[in-house]
1. Regarding the range 24-40, can at least one residue be identified that is assigned to a loop (DSSP other than H, G, I, E, B) and either surrounded by 13 or more Cβ atoms within 10 Å (Cβ to Cβ) or in contact (Cβ under 8 Å) with a residue 12 or more places away in the chain (or both)?
2. Which condition does residue 99 not pass, out of (1) at pLDDT 85 or above; (2) surrounded by 12 or more Cβ atoms within 10 Å (Cβ to Cβ), if it passes all the others?
3. If the Cβ limit is 6 Å and pairs must be 6+ apart or interchain, which residue in the range 52-63 that is closer than 17 Å to residue 77 by Cα pairs with which residue that is not in a helix (DSSP H, G or I)?
4. Working carefully through the options 93, 58, find the one that is farther than 28 Å from residue 4 by Cα, exposed (fewer than 13 other Cβ atoms within 10 Å of the Cβ) and modelled with pLDDT of 80 or more.
5. Of everything in the range 49-77 that's assigned to a loop (DSSP other than H, G, I, E, B) and over 17 Å from residue 27 (Cα atoms), which residue is nearest to the chain's Cα centre (by Cα)?
C-alpha cells in the first residue's frame, strides 16, 4: 500500500491493501478484528453487519469469527448496493445535512 495515503489520517487509522486492489478473505478477517475492537459486540448486544455478496465475506474463517464474536452477518443480493446508492442521494444525504445543521446551531 502507498503509505502516502495515510498522511494526516487519524492516529488509530489502519491502512491495508492487496497488490491487485481487491479485497480477499485474509484482509477482510483483519478488518473484522478491528470491527470487533471498535463495535464491542456481546451476547447481550450483538451487531448486525450488512455486507455485499463478495466472496471474501463468505470465507469459513470469517463466518466462524463473526459467530464467536456476536456478529450477525447478512448479505445483500448481487448488485443491490448499486441500486441502493440512489437512496444515499435522495434520503441519507439530505438527512445528514439537516442533522449536521441542527448540531451546529
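The values are calculated or read from the model by the stated rules, or taken from the named source; none is laboratory data. Nothing here was measured: the structure is a model prediction, and the numbers come from that model. For neighbour counting, all protein chains shown are included, and Cβ atoms are generated from backbone atoms with ideal geometry for every residue, glycine included.
1. For the range 24-40, residues assigned to a loop (DSSP other than H, G, I, E, B) and either surrounded by 13 or more Cβ atoms within 10 Å (Cβ to Cβ) or in contact (Cβ under 8 Å) with a residue 12 or more places away in the chain (or both): present.
2. It is condition (2) that residue 99 fails.
3. Filtered contacts from the range 52-63: 52/76; 53/75; 53/78; 56/23; 56/24; 57/51.
4. 93
5. First, the residues of the range 49-77 that are assigned to a loop (DSSP other than H, G, I, E, B): 52-54, 59, 69-70, 76-77.
Going one step further and asking which of them are over 17 Å from residue 27 (Cα atoms), we end up with 69-70, 76-77.
Values: 69: 16, 70: 16, 76: 13, 77: 17 Å.
Within the range 49-77, the match that is nearest to the chain's Cα centre (by Cα) is 76.
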